[in-house]
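Peer 1: This is the structure I want to talk about, given as structure tokens.
The values are calculated or read from the model by the stated rules, or taken from the named source; none is laboratory data. Bear in mind the structure is a predicted one, so any value in this text is a computation, not a measurement. Cβ placement follows ideal geometry from the backbone for every residue including glycine, while neighbour counts extend to all protein chains displayed. Accessible surface is based on the protein model in full, side chains and every heavy atom, while ligands, DNA and RNA are left aside. Shrake-Rupley method; radii C 1.70, N 1.55, O 1.52, S 1.80 Å.
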Amino acid sequence: DDARFGRAVTSFGKVSLPLMLGTSAGSGHWPDWGASSQLNLGPGTPHAFWPQGQSAVFPIAEIAAGAALGNAYTASDPDGIYRRVLPFTLLDGRPAPNLALAGFLSVMGPAAVEHEQEELVLTGRDWTRRIPLDDDGRAVLRFSGPAGSYAHYSAAAVVQSDVLLQQGEAPSIDPALFAGKHVLFGFTAPGLFDLRPSPMGGAYSGVEVQATILDNLLSQSFVRPASFGLSCALLVLLPLALAFCLAGRGGVAVQGVVWLAAFAVPPALALFCAYRGIWLPLMPLIAAALTALLGTSLYKHASKERQKRLIEKAFKHYLAPAVVQRIVDSDEDFGLHGEERDITVFFSDIRGFSSFSEKLPPDKLVRLLNRYFTPMTSIIRQYQGTLDKFIGDAIMAFWNAPEEVKGHSAKALRATLAMHDSLDALNPELEAEFGLRLAFGAGLHTGRARVGNMGTEELMDYTVIGDTVNLGSRLEGLCSHYGQRIIMSGECQQACGEGAFVFQRLGKERVKGREQPVDIYTAYSPEQAENVTEELAAAEYALHLYEQREFAQAEQHYVRLLAAYPRNAKLYGVYMERCKRYLVEAPPEDWDGAFTHTSK
């Protein structure tokens, strides 16, 4: 029977039979009866690149003498999955092709082999096959589907059909089904232990693995490993893109989407590449993405902690502790880099401080200032203001930065009134300890300003700059000129709203450095205004006459105001002098009622 089988194999001429390459069993040399190799290694295919088989078990000579021989052993990947195949292995200096490749060559004819960069080139008499290789010289298989994707026929049914044909009866399997087909004989029954785990499932028969190799050779559909450039680009660009998105100012939802993308995008890319016939390593891509996100998260956390320490350090001396903690705990950007904001700026200055500094020794002067500054700054912080700086005996503060403060103009005015009340209560103690009483003037203005850290990288200060700040300082300077405790701009007065305060209009001023005149006011709390209602009405009427160029009548009203209300003697005296001047020398035709100051 073996002899008859061997003659049939030789007669057909297109049969490949398996040999089993191993490490110990069998022979280390090709048998004398073995057919010549169907592969001719060219000079571009170095022998040292390919694995060397130490021994092989060959089929018996009576059957295999007229057949092509191919290596039936296929190694799995390190994880035990069968995904790749070595096109051939060297034995005794000759290439032993894979069994499926041997079957392919038995039909197509011998081929010359060249190893070009990342692929193996097989060149026959009138055909060429290019097999993409990975770094280990193995071809990545493209599976057609799960087990059973190729047509299966029972060997017993084939034999039975042959017997029926010989008996002149209709066969159960039509021989025409096998015409022009490659036919593989192998075991598929589980009990015969030729099932292999594959990407398509855990029970993929060995003969179907060989069928897949043959299918890839015929259709030239081996999976091509991703190029080094593509792999590097994805390993760099994807993590960078995810890190960039995570590093942005998005909230929790955006961060969740980015983390989800780190797990979803790499598999999606790998599947897309697989669809295009490209093998893209998945785990390195996921690892790179997760590493980038973890690094970015740690960096953001460290930066956030560093920023919190910076904010706490920057504001702990200017704001109430509760406000500082609220800023530190918030994810908002409070403009440490500088930003445009509407603010209310406050300037105050102690009246007659120069004379005090001459009379008191330095240590007493410092104690005096500390006694004065402590309650004043406490009130500023109590009303959500930000202490900017001390300038000698002066205080500069502002509202609505770094934290947004609703109704900041009104809160600034309330704080100013409370500071005057606090100083009135403190003065008896100061007189007893230092022999003097203090008074200060305050200027308030509301407008746009630049807020943020100003200075150098080594030394900086959180402050405000702009015309709004300059005008606030000029208004404070007018307090002594008009004898007022508070002078505020029309913008600040309007922002404070109606009802909460009582305002007295003081006129229009064109302060030094500004072309546009400013409406100026002083303010009273409702309790204070109960005692000055008649005075405010009379002063408003006198100011109306003055602005209508009725200087003689205005002067008479100011004389009466000066006699009735000596508390405002300086204010009414200033307007009396102006009325007298304009009675002698009339103002210009375009006079708008504003007085122009030529000094601060």
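Peer 1: Determine ³J(HN,Hα), in whole Hz, for all residues of the stretch 118-128 in sequence, where each value follows from phi through the Karplus function 6.51 cos²θ - 1.76 cosθ + 1.60 and θ = phi - 60°; x replaces Gly and Pro.
Peer 2: Ordered by residue, 3J(HN,Hα) equals 10, 8, 9, 10, 9, 10, x, 5, 9, 8, 9 Hz.
Peer 1: From the P(r) of the stretch 170-227, could you give the percentage of C-alpha pairs in the tail past 20 Å? If you can, show how the numbers build up before the last one.
Peer 2: On the way: 748 of 1653 pairs.
Percentage above 20 Å: 45.
Peer 1: Considering only the other residues whose Cβ falls under 12 Å of the Cβ of ALA397, what net charge follows from Lys and Arg at +1 and Asp and Glu at -1? Numbers along the way, then the final one.
Peer 2: On the way: positive: ARG381, LYS389, LYS411; negative: ASP388, GLU476.
Cβ neighbours under 12 Å give a net charge of +1.
Peer 1: Now a separate question. List, in the order given, every pair from LYS512/LYS580; LYS389/LYS512; LYS512/LYS570; LYS364/LYS389; LYS411/LYS508; LYS411/LYS570 whose Cα-Cα distance in the structure shown is over 26 Å. If you can, show how the numbers build up before the last one.
Peer 2: Details: LYS512/LYS580 23 Å; LYS389/LYS512 23 Å; LYS512/LYS570 21 Å; LYS364/LYS389 21 Å; LYS411/LYS508 24 Å; LYS411/LYS570 28 Å.
From LYS512/LYS580; LYS389/LYS512; LYS512/LYS570; LYS364/LYS389; LYS411/LYS508; LYS411/LYS570, over 26 Å: LYS411/LYS570.
Peer 1: Which of LEU423, LEU475, THR463 sits farthest toward the positive end of the charge dipole of the stretch 422-484, with +1 on the Cβ of Lys and Arg and -1 on the Cβ of Asp and Glu?
Peer 2: Looking along the dipole axis, the top candidate is LEU475.
Peer 1: Something else now. Report the full-extension gain for the segment ARG560 to LEU360: residue separation times 0.36 nm, less the Cα-Cα distance, to one decimal in nm. Before the final figure, lay out the partial values.
Peer 2: Numbers: separation 200, 0.36 × 200 = 72.00 nm, distance 4.02 nm.
Stretched out fully, the ARG560 to LEU360 stretch lengthens by 68.0 nm.
Peer 1: Okay, next question. Computed on alpha carbon atoms, what radius of gyration and Dmax characterise the stretch 498-579, expressed in Å?
Peer 2: Rg then Dmax for the stretch 498-579, in Å: 13.3, 37.
Peer 1: Any chance you could run the full-extension gain for LEU430 through GLU577? It's 0.36 nm times the residue separation minus the Cα-Cα distance, nm to one decimal. Before the final figure, lay out the partial values.
Peer 2: On the way: separation 147, 0.36 × 147 = 52.92 nm, distance 3.58 nm.
Using 0.36 nm per residue and subtracting the Cα-Cα distance, I get 49.3 nm.
Peer 1: What does DSSP give for the chain in terms of the percent of beta bridges that are antiparallel, rounded to the nearest 5? The partial results should precede the final answer.
Peer 2: Values: 61 of 79 bridges.
Given both bridge residues lie in the chain, the antiparallel proportion sits at roughly 75 percent.
Peer 1: In Å², what does the accessible area per residue of the chain work out to with a 1.4 Å probe?
Peer 2: 52 Å²
Peer 1: Continuing with the same structure: Where does the chain land on Rg/Rh, using Cα atoms and the Kirkwood Rh? Could you put the intermediate results ahead of the total?
Peer 2: Details: Rg = 48.4 Å, Rh = 33.6 Å.
Taking Rg over the Kirkwood Rh, I get 1.44.
Peer 1: May I pose another question? Helix 408-434 sits at what angle to the longest principal axis of the chain, using alpha carbons and giving 0 to 90 degrees rounded to 10?
Peer 2: Computed tilt is about 50 degrees.
Peer 1: Hey, could you grab the Kirkwood Rh for the stretch 1-160? Inverse mean 1/r over distinct alpha carbon pairs, Å, one decimal. Intermediate results must be reported in sequence, preceding the final value.
Peer 2: Details: mean 1/r = 0.0588 Å⁻¹.
One decimal place: 17.0 Å for the Kirkwood radius.
Peer 1: May I pose another question? About the Cα centre of the stretch 372-433, how large is the charge dipole given +1 on each Lys and Arg Cβ and -1 on each Asp and Glu Cβ? Please answer in debye to the nearest 20. Kindly include the intermediate steps, with their values, before the conclusion.
Peer 2: Working: 5 positive and 9 negative charges, 82 e Å.
That gives a dipole near 400 debye.
Peer 1: Moving to a separate point now. Pick out, from ALA68, PRO225, GLN54, the residue whose Cα sits farthest towards the positive end of the charge dipole of the chain, with +1 on the Cβ of Lys and Arg and -1 on the Cβ of Asp and Glu.
Peer 2: The one lying farthest along the dipole's positive direction is GLN54.
Peer 1: Accessible area, 1.4 Å probe, largest first: how do HIS408, HIS481 sort?
Peer 2: Numbers: HIS408 25, HIS481 65 Å².
Per-residue accessible area, sorted high to low, gives HIS481, HIS408.
Peer 1: Taking K and R as +1 and D and E as -1, what net charge do the other residues with C-beta under 12 Å from the C-beta of PHE222 add up to? Mind dumping the intermediate values first?
Peer 2: Values: positive: ARG83, ARG84, ARG129, ARG130, ARG138, ARG142, ARG224; negative: GLU118, GLU119, ASP134, ASP215.
Taking every other residue near PHE222 into account, the sum is +3.
Peer 1: Which angle between 0 and 90 degrees, to the nearest 10, do you get for helix 155-166 versus the longest principal axis of the chain when only C-alpha atoms count?
Peer 2: Result, in degrees: 40.
Peer 1: Summarise the accessible area of the chain (1.4 Å probe, protein heavy atoms) by the percent that is carbon and sulfur. Walk me through the intermediate numbers first.
Peer 2: Values: 17820 of 31340 Å².
Roughly 57 percent, rounded to a whole number.
Peer 1: Something else now. As I understand it, the dipole of the chain uses +1 on the Cβ of Lys and Arg and -1 on the Cβ of Asp and Glu, about the Cα centre. Which of THR596, PRO146, PRO78 lies farthest toward its positive end?
Peer 2: Selected residue: THR596.
Peer 1: Would you please calculate the Kirkwood hydrodynamic radius of the stretch 537-600 over all C-alpha pairs and express it in Å, rounded to one decimal? Spell out each step's value before the answer.
Peer 2: Working: mean 1/r = 0.0829 Å⁻¹.
When all Cα pairs of the stretch 537-600 are included, the Kirkwood radius is 12.1 Å.
Peer 1: Report, in deg cm²/dmol and to the nearest 500, the calculated mean residue ellipticity at 222 nm for the chain, where each DSSP H run with n ≥ 4 adds -39500 (n - 2.57) and the sum is divided by the residue count. Before the final figure, lay out each step's value.
Peer 2: Values: 18 runs with 265 residues, N = 600.
Dividing the helical sum by the residues of the chain leaves -14500 deg cm²/dmol.
Peer 1: Using the Cα centre of the chain as the reference point, and only Cβ charges (+1 on K/R, -1 on D/E), how large is the resulting charge dipole? Debye, rounded to the nearest 20. All intermediate terms of the calculation are to be shown ahead of the outcome.
Peer 2: Working: 53 positive and 65 negative charges, 104 e Å.
Once rounded to the nearest 20, the dipole reads 500 debye.
Peer 1: From the C-alpha coordinates alone, can you work out the Kirkwood hydrodynamic radius of the stretch 352-405, in Å?
Peer 2: The answer is 12.4 Å.
Peer 1: Please give the helix 551-564 orientation as an angle from the longest Cα principal axis of the chain, in degrees from 0 to 90, rounded to the nearest 10.
Peer 2: Roughly 80 degrees between the two axes.
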